[in-house]
Amino acid sequence: MSEGESRTFPARPFVGASIAVIRDGRVLLASRANEPMRGVWTLPGGLVEAGETLAEAALRELTEEVGITAEVVGVLSPTEIIVRDEAGRARHHYVVHPHAALWCGGEPGPGPEALGVRWATLDEIAGLETTPGLIGTLREAFARLDARGIA
């Protein structure tokens, strides 16, 4: 993020990448340590840096946030997160490009951007407070792996 550029009331949307890492029928979730949506469960991810592909950003964020490695097996449908203030102005605006991935190694632990981590099934996720659109993204990730015969 360039100097003087704010994530609050931005002049333009921020581009992010996230990653749905699947292991033994479960997906890895992280509880957000930062606002917006502190404490809400989501996929590991963050902003894409200049010169970085979406997949590279997702894998970098995975390692930084939870300390594991994975192999990207597909790109999923993007999610827009727009949080408006009481006057209707865009307080936050992110376009997040999620990826489906298979766990390769390491045991997850929360880094500086995660309050906690957990492996969860789709049924378990239904009872959690999650970021907008997460369940649809996860259904798409599991379907992508099922179609390849690897879920």
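Computed quantities for the displayed model
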quantity: Backbone HN-Hα couplings from phi across region 51-65 [Karplus 6.51/-1.76/1.60, Hz, Gly and Pro as x]; calculated: x, 10, 6, 4, 5, 4, 4, 4, 5, 4, 4, 4, 5, 5, 7
quantity: Of 102, 127, 42, farthest towards positive along the dipole that unit charges on Lys, Arg, Asp, Glu beta carbons give the chain; calculated: 127
quantity: Acute angle (nearest 10 degrees) that the helix 134-147 long axis makes with the longest principal axis of the chain, alpha-carbon atoms; calculated: 30 degrees
quantity: Electrostatic dipole magnitude of the chain [Cβ: Lys, Arg +1; Asp, Glu -1; Cα centre; debye, to 20]; calculated: 300 debye
quantity: Extension gain (nm, one decimal) between residue 55 and residue 7, 0.36 nm per residue minus Cα-Cα; calculated: 15.1 nm
quantity: Low-density loop cleavage sites - trypsin sites (Lys or Arg not before Pro) in region 103-151, where at most 12 other Cβ are within 10 Å (DSSP); calculated: 148
quantity: Region 40-64 residues near the modelled residue 90 label - backbone nitrogen below 20 Å, point 7 Å along Cα→Cβ; calculated: 46-50, 54
quantity: Loop GluC sites (Glu not before Pro), region 1-77 (other Cβ atoms within 10 Å of the site Cβ: 16 or fewer; DSSP); calculated: 3, 5, 49, 52
quantity: Net charge of neighbours whose Cβ lies under 12 Å from the Cβ of residue 36, counting Lys and Arg as +1 and Asp and Glu as -1; calculated: +3
quantity: Listed residue (81, 69, 57) projecting farthest to the positive dipole end of region 57-96, Cβ model; calculated: 81
quantity: Two-decimal ratio, region 14-147, of alpha-carbon radius of gyration to 2.2 N^0.38 Å; calculated: 0.99
quantity: 18 Å cut-off, amide nitrogen to a point 7 angstrom out along residue 77 Cα→Cβ, residues in region 25-56; calculated: 43
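Each value in this text was obtained by applying a stated rule to the coordinates, not by laboratory testing. Since the model is a prediction, treat every value here as computed from it, not as a measurement. Counting neighbours? That spans all protein chains shown, and the Cβs are built from the backbone with ideal geometry, glycine included.
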